[in-house]
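Have a look at the structure below, then the notes.
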Amino acid sequence: MEDFIILAHDRYSCRRFSDKSVESWKIDRIIEAAIAAPTASNRQAWYVWAVTDEISQAVVRAATPYHFDAPVLLVLGVRPEDAGMSRMSGINFADIDGGIVGAHMLLEAHDLGLGSLWVGDFHADAIQEAFTETDGYRLVGIFPLGYPADDAEPHKLHFIRKATSEISMQI
Ligand SMILES: Cc1cc2nc3c(=O)[nH]c(=O)nc-3n(C[C@H](O)[C@H](O)[C@H](O)COP(=O)(O)O)c2cc1C
């Protein structure tokens, strides 16, 4: 287990995967990390579909160019109808909850020696039409998942981070 700050720095969006299949216990661990994520009013109004079947994967791959032929595709949906809301602002927290769940999954995947990334650019309608189990959910991310290929490396954007002074101050 790495120190969290090392894990946070080391994680990167992996876009090249080896053919090695992912052990199902590792998928279970990623879901366990997702369940540990905080959600507004503890509503846990989200769901992850682990797409491993070839025919189902073909549907997801057709919905985005950003699948990178990963051996597993995790699809994350949030359910606004069941999510917590701010009584004061009326904001529905479904997407925020989903963001935290997704971050937990990415970090756990990296901790397990796997690569992944958040893919937000996809045709949600095509996936929702094919999988009726996603009814009532807003699909917020696809997470290609697998062992990084030998030549996998972070994109140059990974190394561009704002300085602390640009993004935070003590007031
Ligand atoms: C909400 C969200 C949506 C993203 N969508 C895509 C995407 O559709 N395709 C892609 O290749 N990367 C996508 N990314 C990955 C970002 O490009 C990447 O996280 C960013 O450039 C920083 O690089 P790093 O993750 O390697 O540190 C997305 C990331 C987030 C958080």
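Values in this text are rule-based calculations from the coordinates and carry no lab data. Remember, it's a predicted structure, so these values are computed and weren't measured experimentally. Quick reminder, even Gly has a Cβ in these numbers, built from the backbone with ideal geometry, and neighbours come from all protein chains shown.
Residue under question is Ala70, and the condition is that it be crowded, with 19+ Cβ neighbours inside 10 Å and touching a helix residue (DSSP H, G or I) at 6+ places or on another chain (Cβ under 6 Å); does it hold?
no
Quick one: would you say Leu157 is more than 21 Å from Glu23 (Cα to Cα), in a helix (DSSP H, G or I) and within 15 Å of the ligand (Cβ to nearest atom)?
yes
Check the stretch 145-162 and report whether any residue there is in contact with a helix residue (DSSP H, G or I) (Cβ under 9 Å, 6 or more places away or on another chain), crowded, with 18+ Cβ neighbours inside 10 Å and under 30 Å from Ala94 (Cβ atoms).
Yes, the stretch 145-162 contains a residue that is in contact with a helix residue (DSSP H, G or I) (Cβ under 9 Å, 6 or more places away or on another chain), crowded, with 18+ Cβ neighbours inside 10 Å and under 30 Å from Ala94 (Cβ atoms).
Exactly one condition in (1) more than 20 Å from Arg11 (Cβ to Cβ); (2) away from the ligand (no atom under 11 Å from the Cβ); (3) assigned to a helix (DSSP H, G or I) is false for Arg87; which is it?
In the conditions (1) more than 20 Å from Arg11 (Cβ to Cβ); (2) away from the ligand (no atom under 11 Å from the Cβ); (3) assigned to a helix (DSSP H, G or I), Arg87 misses (3) alone.
One line per residue, one yes/no per condition, for (1) in a strand (DSSP E or B); (2) in contact with a strand residue (DSSP E or B) (Cβ under 7 Å, 6 or more places away or on another chain); (3) without any contact (Cβ under 8 Å) to a residue 24 or more places away in the chain:
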{"site": "Ile6", "(1), (2), (3)": "no, no, yes"}
{"site": "Arg15", "(1), (2), (3)": "no, no, no"}
{"site": "Lys26", "(1), (2), (3)": "no, no, no"}
{"site": "Val48", "(1), (2), (3)": "yes, yes, no"}
{"site": "Ser56", "(1), (2), (3)": "no, no, no"}
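Among the residues of the stretch 10-27, is there at least one that is within 16 Å of the ligand (Cβ to nearest atom) and among the aliphatic types (A, V, I, L, M)?
no
Within the stretch 91-106, how many residues turn out to be within 14 Å of Tyr12 (Cα to Cα) and either within 11 Å of the ligand (Cβ to nearest atom) or assigned to a loop (DSSP other than H, G, I, E, B) (or both)?
3
On the basis of being touching a residue at least 12 places away in the same chain (Cβ under 8 Å) and out of contact with any helix residue (DSSP H, G or I) (no Cβ under 9 Å at 6 or more places or on another chain), does Arg61 make the cut?
yes
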